[in-house]
Amino acid sequence: MSDVEKPVRSPCVQVCALDEQDVCIGCQRTADEITRWGRMDNAERRAVLQLCLQRARASGHLLMPS
């Protein structure tokens, strides 16, 4: 078995449009994060995914049960 970790998948949902803050309304990544994704290691990608989750919650795109 290989010790090589699979790359963390892109959160892209094929809804590609940037808002006024240059954040994609589909995946919640910034334009810079989208551009750099292919060069990021898995740790960086996981950090970006956490930011995406925070952005989705803050913008109301992800509702959390009370």
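The values are calculated or read from the model by the stated rules, or taken from the named source; none is laboratory data. Not measured: the values here are computed from a predicted model. In this analysis, Cβ positions are derived from the backbone assuming ideal geometry, glycine residues included, and neighbour counts consider all displayed protein chains.
Has the range 51-60 got at least one residue that is free of Cβ contacts under 8 Å to residues at least 12 places away in the same chain and assigned to a loop (DSSP other than H, G, I, E, B)? If you could, list the steps in order and put the result at the bottom.
Our first condition is that a residue be free of Cβ contacts under 8 Å to residues at least 12 places away in the same chain; within the range 51-60, this holds for 54, 57-58, 60.
Still in the list and also assigned to a loop (DSSP other than H, G, I, E, B): 60.
Yes, there is a match, as at least one residue in the range 51-60 is free of Cβ contacts under 8 Å to residues at least 12 places away in the same chain and assigned to a loop (DSSP other than H, G, I, E, B).
Figure legend. Inter-residue proximity from the range 28-44: first residues closer than 19 Å to V15 by Cβ, second residues part of a helix (DSSP H, G or I), beta-carbon distance below 6 Å, spacing 6+ or different chains. Indicated pairs: Q28/C52; Q28/R55; Q28/A56; R29/C52; E33/V48. Scanning the range 26-50 for residues that are surrounded by 14 or more Cβ atoms within 10 Å (Cβ to Cβ) and outside any helix (DSSP H, G or I) yields G26, C27, Q28, R29, T30, M40. Here V4, V8 are screened, and the one residue that is at pLDDT 95 or above, on the phi < 0 side of the Ramachandran plot, assigned to a loop (DSSP other than H, G, I, E, B) and not aromatic (F, W, Y) is V8. Name the single residue, out of those in the range 5-24 being among the aliphatic types (A, V, I, L, M) and surrounded by fewer than 14 Cβ atoms within 10 Å (Cβ to Cβ), that is nearest to the chain's Cα centre (by Cα). Among those residues, the one meeting the criterion is V13.
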